[in-house]
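K.L.:
What follows is a single structure, and I will ask about it in a moment.
The values are calculated or read from the model by the stated rules, or taken from the named source; none is laboratory data. Everything quoted here is computed from the prediction, not taken from an experiment. Glycine gets a Cβ as well: all are built from the backbone with ideal geometry, and neighbour counts include every protein chain shown. In case anyone asks, the SASA skips ligands and DNA or RNA and just uses the protein heavy atoms, side chains included. Shrake-Rupley method; radii C 1.70, N 1.55, O 1.52, S 1.80 Å.
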Amino acid sequence: MNKTAVSISSFCLSLLFTLQVFAQLQSPNEFLGYELGERWTLHHQVLSYVKHVAEESEYVTIHSYGTTNQHRELVYLIVSSPENHANIEEIRQNNLRLTGLVSGEPTANKKGIVWLSYNIHGNETSSSEAMMRTLHELVRPDNPGPKNWLENTVVIIDPMVNPDGRDRYVNWFNQMLGAEPNPDIRAREHHEPWPGGRSNHYLFDLNRDWAWQIQQESKYRYKIYREWFPHIHVDYHEQGYDAPYYFAPAAEPFHKAITDWQREFQTMIGENHISYFDKENWLYFTRERFDLFYPSYGDTWPTFHGSIGMTYEMPGHSLAGLTINMPEGGVLTLSQRLLQHHVTGMSTIETASRNSERMISEFQKFFDDARNNPSGQYKTFVVKADNNQDNIYHLLRYLDTKQVRYGTSGSARNANGFNYSTGETDRVSISPDDILISVYQPQGNLVRVFFEPNPELADSLTYDITAWEAHYRYGLDGYALETRINPDYNISAEDFRIAQFTGSDSPYAYLLRWESMDDARFLAHITKEGVNTRFTQVPFEIDGTAFGRGSLVIPRRTNSHLDGRFDDIIREAAEKHRRSLHGATSGFVTTGSDFGSANLRFIAHPKVAILLGQGTSSLNAGEIWHYFDKQLGYPATLIHSHQIMSADINPFNVLVLPSGSYNNILTDTAIEKISAWARDGGTLIVFGETNSLLAGRDGFLLERKIQDSSAEEPSFDEQLQPHGDSERRSASSRTPGSIYKVTMDYTHPLAFGYGEHYFSLKSNASAYNYLDEGVNVGTSRGDAHVSGFAGYRAKQQLENTLNFGVQPLGTGQVVFFADNPLFRGFWENGKLLMANAVFMVRTRRDEL
């Protein structure tokens with residue numbers, strides 16, 4: 001056979017192979033049977049398509065990483081060249097070695113890694129549609145350009161981060177749709193009902209949960225993220241339908257831990273996007289609105305892991321539906337939305353591929369600098385060893401999951417340091433057992449972000465909360481030092497989780513100190529099993545052991561109804577929750593009140609109802625729901641807010657009202673019904689802005705604080721400020737999320753388990769006067785501001801105000817939570833307050 005014949009034969013075989021691939025690998029339109037953008041694609045359909053591509057393309061593999069609360073599968077795709085797939089474990093390990101978190105020297109086989117996360121907000125739906133187009137464009141055989149990118153780049157795709165929320169929205173929308181989509185904004189398909197599709201099953205905003213990982217989707221995702229540490233991470237979103245496309249560079253403020261390279265490269269990526277958008281005459285904006293300060297976003301959290309973290313925001317959101325009339329004329333369609341997200345995805349990968357070597361080099365430098373020359377004022381953070389052991393344990397477990405190293409001081413020493421408890425810098429004493437966290441480690445930037453007492457804020461116009469420090473979050477005393485002290489790496493979290501049983505094996509009563517949320521979980525556990533428990537309102541001592549207010553006393557006599565199960569229930573619960581119990585042989589105490597005293601009160605088994613639905617804040621309702629379901633482990637009945645008049649609430653003895661406006665829900669008649677229920681012995685727990693709805697109403701003693709009329713009038717200069725500065729001026733009356741030092745009346749049951757002070761995360765400037773009657777359990781006295789941004793007017797307004805209070809109402813009680821102790825589920829030290837409200841703030845009816 002001559003060379004010409006061989007050449008023709010090879011060409012024919014190549015053409016045949018290409019045609020076979022085309023026949024096997026289908027486009028999204030071919031696979032789904034409709035053009036992308038014509039309709040929404042449900043999660044199971046998206047999953048089917050990405051599995052199809054993984055089956056048919058040698059460029060793609062698919063991996064499961066968990067399931068949602070509603071049992072939908074979570075997957076990620078690895079997209080790269082066949083050669084890279086053959087060496088993917090070497091590539092992955094090499095990248096981890098660059099961080100210093102994995103030992104060993106990397107080989108020469110280093111590739112850029114780009115991670116694209118789609119649809120974290122369920123009703124921002126265009127991105128998962130765009131994902132399918134991007135995936136197909138990357139691997140279709142007749143598109144050689146992306147194949148070249150994939151030679152030196154690994155692309156990780158999470159096709160749908162929040163499938164529960166997305167399907168909630170899409171299924172609702174499909175029910176609203178007529179024969180054709182209606183672009184009129186007044187049409188019902190543009191107005192989704194409560195709670196909307198943004199959040200996950202438990203109504204959490206997953207784009208505020210990247211750092212805290214309260215939700216299981218976040219936990220599963222971060223476990224995989226840690227296996228890769230991408231060099232670029234993009235989080236896809238949608239904003240108002242009439243806003244142009246947003247991409248990096250981001251707006252100020254940038255957190256000071258962000259490096260010059262991270263600023264520079266996100267600008268380079270943005271410039272590449274601009275070249276495509278300008279060509280199409282598409283509108284866009286940069287450097288506005290979306291900042292890089294709060295650490296728990298899909299852009300900042302990867303950034304603090306050495307990545308170039310970015311948010312891309314497409315106009316749309318649920319209000320846009322499939323098509324909507326635009327204010328400037330024309331319509332915005334789903335097809336247009338997914339196209340622009342597709343373009344920025346491809347542009348990102350292209351820029352990463354072109355700059356792969358420098359991107360990898362700067363990524364390594366990020367971690368090298370953290371180990372050898374870390375940024376920031378403070379170099380060592382101290383957690384005192386005499387803190388509550390449960391709180392220490394939970395902090396260390398959190399640090400373990402973030403690959404942050406810690407150890408002990410090893411010797412006694414003195415140093416100048418910032419004292420988190422006092423807010424002052426002074427001479428501090430460090431004991432040999434105190435825990436040290438140094439910034440001189442691979443995750444040193446994370447350490448700085450977690451522990452910096454008051455991170456510098458370049459601009460007060462920030463998008464989210466501005467304080468989150470770990471000592472305050474976990475309720476721990478300690479210091480921040482400007483000097484470097486190398487820890488002895490000789491401890492683990494488990495060292496603070498040692499449970500002991502002392503006293504009699506068959507006691508008169510079991511005793512447990514009430515000091516942490518773990519004690520509350522133990523109480524919830526045994527209460528569900530039918531155990532009767534008492535708590536002490538005064539400290540006591542028995543068998544040489546001291547017990548503080550709130551300590552649990554579980555008598556054998558009052559649990560005789562459990563027959564032989566009593567000891568097993570208590571011991572099994574103690575083992576599960578790692579509790580140290582003492583078995584008392586007598587009810588007679590050395591000091592304090594005996595176990596039959598009226599100072600020891602019976603804990604009536606709470607029967608809890610939560611009002612949620614239209615008019616309530618879905619986020620706060622979700623925080624409360626998740627608290628009972630997943631954190632406390634105690635049953636609660638969810639009642640639709642619109643059923644408040646028809647529902648029989650008398651069987652419940654605890655009713656929780658989440659924050660909200662309650663428009664047309666909490667009518668005068670509804671408030672009177674709830675008030676009558678409380679007067680008859682119920683415990684009413686009120687969150688956030690709902691306090692303002694009850695303030696001043698008949699029977700409710702709470703009052704809003706009115707701005708002091710004697711305050712200085714604005715000057716002429718202030719009155720004549722330019723309109724363009726109005727947003728900045730309004731910031732003076734805001735505190736979007738700052739930490740306040742709250743003085744606690746720890747003799748009241750609501751504050752049992754706390755000391756003299758509690759550090760509260762305050763998310764707004766709503767202010768309430770001290771109660772004239774009842775108990776002012778938690779108060780902000782004087783200027784109690786500690787950390788984070790609070791405008792000067794907000795600070796003035798919040799001086800001498802109520803944070804937490806309890807008032808009697810008939811034979812019942814009303815608990816006012818002006819501050820949210822359950823904020824986003826991550827403010828760990830606030831959670832015991834809610835347990836106290838449920839179990840300890842008892843009513844007269846409970847004693848009958």
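K.L.:
Taking the stretch 146-188, which trypsin sites (Lys or Arg not before Pro) meet the DSSP loop condition and have no more than 11 other C-beta atoms within 10 Å?
P.N.:
Arg186
K.L.:
Compute the distribution of all C-alpha to C-alpha distances in the stretch 15-105, in bins of 5 Å from 0, and list the percent of pairs in each, rounded to whole numbers.
P.N.:
3, 11, 15, 16, 18, 14, 10, 7, 5, 2, 0
K.L.:
Among the GluC sites (Glu not before Pro) in the stretch 553-628, which ones are in a DSSP loop with at most 12 other Cβ atoms within 10 Å of the Cβ? Mind listing them?
P.N.:
Taking the stretch 553-628 and a limit of 12 other Cβ atoms within 10 Å, no loop GluC sites (Glu not before Pro) are found.
K.L.:
What are the equivalent ellipsoid semi-axes of the stretch 79-121, built from the alpha-carbon gyration tensor (square roots of five times its eigenvalues), in whole angstrom, biggest first?
P.N.:
Equivalent-ellipsoid dimensions as semi-axes: 22, 16, 7 Å.
K.L.:
Does a label point 7 Å from the Cα of Asn800, set along Cα-to-beta-carbon, have any residues of the stretch 667-704 with amide nitrogen under 17 Å, and which are they?
P.N.:
Flagged as within label range: 703-704.
K.L.:
Another question about this same structure. Can you divide the C-alpha Rg of the stretch 570-692 by 2.2 N^0.38 Å and report the result to two decimal places?
P.N.:
Cα-based Rg divided by the globular estimate yields 1.36.
K.L.:
Could you list which residues have their amide H under 5 Å from that of Ala385, counting only those 5 or more apart in sequence or on another chain, with H placed in the peptide plane?
P.N.:
Close amide H contacts, sequence-distant or interchain: Asp434, Ile435.
K.L.:
Next question. Rounded to the nearest 0.05, what FRET efficiency do Gln643 and Ala676 give with R0 = 25 Å and r taken as the Cβ-Cβ distance? Could you check?
P.N.:
Calculated transfer efficiency: 0.90.
K.L.:
In addition: Please list the three semi-axes, largest first and in whole Å, of the ellipsoid equivalent to the stretch 246-320, using sqrt of 5 times the eigenvalues of its alpha carbon gyration tensor.
P.N.:
For the stretch 246-320, the ellipsoid semi-axes come out as 22, 16, 9 Å.
K.L.:
Once you compute Rg and the Kirkwood Rh from C-alpha atoms, what is the Rg to Rh ratio for the stretch 772-828?
P.N.:
Computed over Cα atoms, the ratio is 1.04.
K.L.:
Hey, could you get me the Stokes-Einstein D for the stretch 193-256, Kirkwood radius over alpha-carbon pairs, 10 °C and 1.306 mPa s, rounded to whole µm² s⁻¹?
P.N.:
110
K.L.:
Over the chain, calculate the relative contact order: mean separation of alpha carbon pairs under 8 Å at least 6 apart, over the residue count, as a percent.
P.N.:
Across the chain, relative contact order equals 10 percent.
K.L.:
Which values of log₁₀ I(q)/I(0), to two decimal places, follow from the Debye formula for the stretch 383-496 at q = 0.22 Å⁻¹ with a uniform point scatterer at every Cα?
P.N.:
Here log10 of I(q) over I(0) equals -1.41.
K.L.:
Would you mind counting up the charge near Pro453? Only other residues with Cβ under 14 Å from its Cβ, with Lys and Arg at +1 and Asp and Glu at -1.
P.N.:
-2
K.L.:
Now for a different question. Taking a label point 7 Å from the Cα of Asn650 along the Cα→Cβ vector, which residues of the stretch 594-620 have an amide N closer than 18 Å to it?
P.N.:
Backbone N within reach: 607-609.
K.L.:
Just the Cα atoms of the stretch 543-599, one point each, no solvent: what log10 I(q)/I(0) does Debye give at q = 0.20 Å⁻¹?
P.N.:
Debye intensities relative to I(0), on a log10 scale: -0.91.
K.L.:
Also: Kindly give Rg over Rh for the stretch 547-637, based on alpha-carbon atoms, with the Kirkwood expression for the hydrodynamic radius.
P.N.:
Value, to two decimals: 1.07.
K.L.:
Right, another one. Running Debye on the stretch 478-607 with equal point scatterers at the Cα sites and no solvent, what base-10 log of I(q)/I(0) appears at q = 0.11, 0.13 Å⁻¹?
P.N.:
-0.43, -0.57
K.L.:
After finding the eigenvalues of the alpha carbon gyration tensor for the stretch 375-445, what semi-axes result from the square roots of 5 times each, listed largest first in whole Å?
P.N.:
Those come to 19, 16, 12 Å.
K.L.:
With every protein chain kept in the model, how would you rank Glu799, Glu482 by accessible area, 1.4 Å probe, largest at the top?
P.N.:
From most accessible down to least: Glu482, Glu799.
K.L.:
Shifting gears a bit: Using only alpha carbon pairs under 8 Å that are at least six residues apart, calculate the relative contact order of the stretch 388-514 and give it in whole percent.
P.N.:
35
K.L.:
Residues in the stretch 46-63, backbone N under 20 Å from the label point at Asn174 (7 Å along the Cα-to-beta-carbon vector): list them, ranges by number please.
P.N.:
46-52
K.L.:
A further question follows. At Gln377 and Ala458, where each label point lies 7 Å from the Cα along Cα→Cβ, what is the point-to-point distance in nanometres?
P.N.:
Once both label points are built, they end up 1.8 nm from each other.
K.L.:
Do you know the relative contact order of the stretch 124-256, to the nearest whole percent, from alpha carbon pairs under 8 angstrom that are 6+ apart?
P.N.:
Value for the stretch 124-256: 25 percent.
K.L.:
What is the Cα convex hull volume of the stretch 48-94 when expressed per residue in Å³?
P.N.:
Dividing the Cα hull volume of the stretch 48-94 by its residue count gives 69 Å³.
K.L.:
Dividing the alpha-carbon radius of gyration of the chain by 2.2 N^0.38 Å (N being the number of residues), what value is obtained?
P.N.:
Normalised Rg, Cα atoms only: 1.03.
K.L.:
Follow-up question, since we're still on this one. What list of whole percents do you get for P(r) of the stretch 740-848, with Cα-Cα distances grouped in 10 Å bins up to the one holding the largest distance?
P.N.:
In whole percents, the pair-distance histogram is 15, 48, 30, 7, 1.
K.L.:
Do the alpha carbons of any pairs in Lys111/Lys147; Lys219/Lys528; Lys402/Lys741; Lys795/Lys831; Lys741/Lys831 sit beyond 23 Å of each other, and which pairs?
P.N.:
The answer is Lys219/Lys528; Lys402/Lys741; Lys795/Lys831.
K.L.:
Provide, in order from the shortest bin, the percent of all Cα-Cα pairs of the stretch 465-550 in each 5 Å bin, continuing until the bin that contains the maximum pair distance.
P.N.:
That works out to 3, 8, 13, 18, 18, 12, 11, 9, 6, 3, 1, in percent per bin.
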